[in-house]
Amino acid sequence: MEKAFRGLEHLFTSSAITFHTREVFVDADETEIAPVLTKLQTGWGKKVALGSYPDWMSNYHRVRLVLDSDSFEEVDKARAQLLDELPKGSVVPLVTDSVSIAPAEVYALAGNGERKTGCRERWERIIKLCHCNTK
């Protein structure tokens, strides 16, 4: 089977075509943002493809939106329009390593970031123990 696909590879590759992809992560239900996505996809037509992928396992986002186009300008313009149209506060950054940023996030939540004696060391030790147990 792999040999058959290798024989067809030339049909799917072209140096003349380059695809550009942008991702947007949203902390809102897909049903909540569906009208916005439908409206935007209708306006973009075939210039930009939009994929919507719910993520039930993430603690940081509920939907990953993927924009694809063969035009760098079109995909960036579409991303900007998408960010403007989505509900305010629903776009969130992708957090790939929550363990390394945990101490700073905890201090930010605790107030103005003032260090309590020994607290940071305890939190870092806890984070390391948790991280070691996940490997």
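The values are calculated or read from the model by the stated rules, or taken from the named source; none is laboratory data. Since we're looking at a predicted model, the values are computed, not measured. FYI the Cβ positions are ideal-geometry reconstructions off the backbone, even for glycines, and counts take in every protein chain you see.
Tyr60 is checked against (1) part of a loop (DSSP other than H, G, I, E, B); (2) modelled with pLDDT of 95 or more and fails just one. What number does that condition carry?
Failed condition: (2).
Those residues that are among the acidic types (Asp, Glu) and under 14 Å from Asn59 (Cα atoms), I need them from region 90-109; list them, please.
Initially, region 90-109 is screened for residues among the acidic types (Asp, Glu), giving 97, 105.
Asp97, the sole residue that qualifies.
Looking only at region 75-123, which residues are modelled with pLDDT of 90 or more, of a type in the set (A, V, I, L, M) and part of a helix (DSSP H, G or I)?
Within region 75-123, Val75, Ala78, Ala80, Leu82, Leu83 meet the criteria.
Which residues, taken from region 40-84, are of a type in the set (Gly, Ala, Ser) and either more than 26 Å from Thr96 (Cα to Cα) or within 13 Å of the chain's Cα centre (by Cα) (or both)?
Step one: list which residues in region 40-84 are of a type in the set (Gly, Ala, Ser), which gives 43, 45, 49, 51-52, 58, 69, 71, 78, 80.
Scanning region 40-84 gives Gly43, Gly45, Gly51, Ser52, Ser58, Ser71.
What are the residue pairs meeting all of these: first residue in region 69-87, first residue under 19 Å from Phe25 (Cβ atoms), second residue among the aromatic types (Phe, Trp, Tyr) and in a helix (DSSP H, G or I), Cβ atoms under 6 Å, and 6 or more apart or on different chains?
Ala78/Trp44
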